[in-house]
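Working notes, beginning with the structure itself.
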């Protein structure tokens, strides 16, 4: 999930407009028509103020904040021989932009783990083969990209990149949706978790495979500048 610039200018402008209109209407300086017009603007200003403020958390957009908090929890709970990053770019010649982005990437002695994070709130309806999943919430309805397909595509690119560079070991995927409930009619090939402790257990319970992963070699390879934001 890309980290976009926070709209502080629009947030401040919405607040100023809302205060100005409220003051003008309250003092009775406006005629009926002007009061109605500016009253509508006041309501719109409050709407944009609320919408922008709702997406601010820890100084970053809501989706990015979920990724950062997920990574922070895993980093604090996993043993010291695990490495956790956010927003890692993996080279992929099949992608139109030349890479795929992994929201949270974990490297440990029992393998490499890529996690697709979805921060939307509400109920999500989707199946394995669906290109998009439907989201229903108190704010309305919409669609999100199928996170299972995203996680599988990321794992495929990650596995190929590691193999091409002589790093062998299991690559496992999962989807983490802490604020949504998933409703599906099909068995999913990628686990979907709604509780972060289950995500942690998923990592710790994974078998290392025929040979333990060379954690340092994998980490050095992934550290070669393939970050959309600095590793944390």
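Just a few scattered comments:
- Checklist (1) surrounded by fewer than 19 Cβ atoms within 10 Å (Cβ to Cβ); (2) part of a helix (DSSP H, G or I) applied to residue 166, failing item: (2)
- Residue in region 198-209 that is loosely packed, with under 15 Cβ neighbours inside 10 Å, over 18 Å from residue 86 (Cα atoms), more than 18 Å from the chain's Cα centre (by Cα) and modelled with pLDDT under 80 present: yes
- Any hit, region 170-190, residues being assigned to a helix (DSSP H, G or I) and either modelled with pLDDT of 95 or more or under 12 Å from residue 113 (Cα atoms) (or both): no
- Selection of region 102-131 for residues being surrounded by fewer than 21 Cβ atoms within 10 Å (Cβ to Cβ), outside any loop (DSSP other than H, G, I, E, B) and under 16 Å from the mean Cα position of the chain (by Cα) yields only 122.
- Complete set of residues in region 183-205 that are free of Cβ contacts under 8 Å to residues at least 60 places away in the same chain and within 16 Å of residue 66 (Cβ to Cβ): 192, 193, 194, 195, 197, 198
Residue-by-condition table, conditions (1) over 13 Å from the mean Cα position of the chain (by Cα); (2) assigned to a strand (DSSP E or B); (3) crowded, with 17+ Cβ neighbours inside 10 Å; (4) at pLDDT 65 or above:
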position: 50; (1), (2), (3), (4): yes, no, no, no
position: 67; (1), (2), (3), (4): no, no, yes, yes
position: 71; (1), (2), (3), (4): no, no, yes, yes
position: 84; (1), (2), (3), (4): yes, yes, yes, yes
position: 95; (1), (2), (3), (4): yes, no, no, yes
position: 100; (1), (2), (3), (4): yes, yes, yes, yes
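- For the condition modelled with pLDDT of 95 or more and either farther than 26 Å from residue 73 by Cα or touching a strand residue (DSSP E or B) at 6+ places or on another chain (Cβ under 7 Å) (or both), residue 163 does not qualify.
- Taking region 83-125 as the range and being in contact with a helix residue (DSSP H, G or I) (Cβ under 9 Å, 6 or more places away or on another chain) and on the phi > 0 side of the Ramachandran plot as the test, the residues that pass are 87, 111.
- Residues that are surrounded by fewer than 22 Cβ atoms within 10 Å (Cβ to Cβ) and in contact (Cβ under 8 Å) with a residue 40 or more places away in the chain, drawn from region 146-156: 153
- Search result, residues across region 169-181 that are under 30 Å from residue 136 (Cβ atoms) and surrounded by 18 or more Cβ atoms within 10 Å (Cβ to Cβ): 172, 173, 174, 175, 176, 177, 180
The values are calculated or read from the model by the stated rules, or taken from the named source; none is laboratory data. Fair warning: this is a prediction, and the values are worked out from it, not measured in the lab. No Cβ is skipped: glycine too gets one built from the backbone with ideal geometry, and neighbour counts run over all protein chains shown.
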